[in-house]
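Notes follow the structure.
The values are calculated or read from the model by the stated rules, or taken from the named source; none is laboratory data. Nothing here was measured: the structure is a model prediction, and the numbers come from that model. Here the Cβ positions follow ideal geometry from the backbone for every residue, glycine too, while neighbour counts run over all protein chains shown.
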Amino acid sequence: MSEALAAESPWAAGLKAARDNLIPSLLILAAAAGLVVCYYQVPSVKVWLDVVGKINADNPTLFAMLCTGVTAGFIPWCFRMAFPSLRPARPGLDLLHSFVWWMTMGILVRYFYAFQGWCFGTEPSVRVVILKVLVDQSLFTVLCGAPFNAISHLWKDSNWDTAKLRASMGPGWYRRLVLPNLLPNFLVWLPGNVIFYSMPTELQLPVANCIGCFWALMCVRIAKHSAIRR
């Protein structure tokens with residue numbers, strides 16, 4: 001592989017993942033947007049979702065762990081197990097890693113949302129939503145969410161070998177590992193942020209996790225594609 005092609009590969013991986021997942025991304029975002037509209041327009045949906053919001057408000061840390069672990073860890077793992085081409089080589093360890101990783105991310109995201117609420121307010125006004133989306137996508141995603149997620153998948157793809165992980169974290173690791181995630185990340189989470197930040201505080205994480213369930217499957221695909229090109 002030439003140096004020019006290698007330099008282009010992270011962008012190519014991101015563009016390919018974004019292009020290949022454009023239709024399912026639009027479908028899941030449309031479903032999430034429909035849920036938000038129904039919350040504000042359909043009384044029965046509001047009642048049901050407010051019950052979920054109350055459970056979240058009463059048990060914020062536990063709810064964040066279990067809700068995120070199940071939606072982004074367990075459900076995608078079940079989907080992968082159903083298809084031989086996606087089935088992990090070590091299913092038990094893969095499930096443990098995915099569940100624990102996404103539970104941890106659930107706690108981090110839950111308190112990030114709370115911090116955003118403290119900084120900008122909890123009213124889902126246009127101004128507040130725009131500010132939260134800008135901070136989320138330009139700071140949290142670029143500096144925290146995307147790098148942590150890429151490293152987690154790399155560690156798993158390295159069969160949880162920390163020596164292999166360290167060897168892959170040489171110069172240019174952000175370009176190689178993170179950039180392929182950023183393009184499809186913006187495709188999904190930029191509109192996704194607008195959708196779930198338009199909900200009350202207690203329902204932002206559950207709606208985000210509905211999108212995150214699909215995003216976790218996309219991350220598996222992106223990680224595999226990036227690994228081929230490293």
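Conditions: (1) without any contact (Cβ under 8 Å) to a residue 12 or more places away in the chain; (2) under 23 Å from Leu183 (Cα atoms); (3) aromatic (Phe, Trp, Tyr). Phe148 meets all but one. Number of the miss?
Status for Phe148: all satisfied but (1).
Does any residue of the stretch 177-193 turn out to be β-branched (Val, Ile, Thr), crowded, with 21+ Cβ neighbours inside 10 Å, at pLDDT 90 or above and within 13 Å of the chain's Cα centre (by Cα)?
Within the stretch 177-193 (the criterion being β-branched (Val, Ile, Thr), crowded, with 21+ Cβ neighbours inside 10 Å, at pLDDT 90 or above and within 13 Å of the chain's Cα centre (by Cα)), the answer is no, since none of the residues qualifies.
For the stretch 109-134, name all the residues that are buried (at least 16 other Cβ atoms within 10 Å of the Cβ), free of Cβ contacts under 8 Å to residues at least 24 places away in the same chain and more than 21 Å from the chain's Cα centre (by Cα).
Result: Phe120, single match.
Could you identify the single residue in Ala13, Ala30 that is at pLDDT below 90 and part of a helix (DSSP H, G or I)?
Ala13
Does Leu165 fit the bill of being touching a residue at least 40 places away in the same chain (Cβ under 8 Å), over 17 Å from Val109 (Cα atoms) and assigned to a helix (DSSP H, G or I)?
Considered against the rule, which asks whether it is touching a residue at least 40 places away in the same chain (Cβ under 8 Å), over 17 Å from Val109 (Cα atoms) and assigned to a helix (DSSP H, G or I), Leu165 comes out as no.
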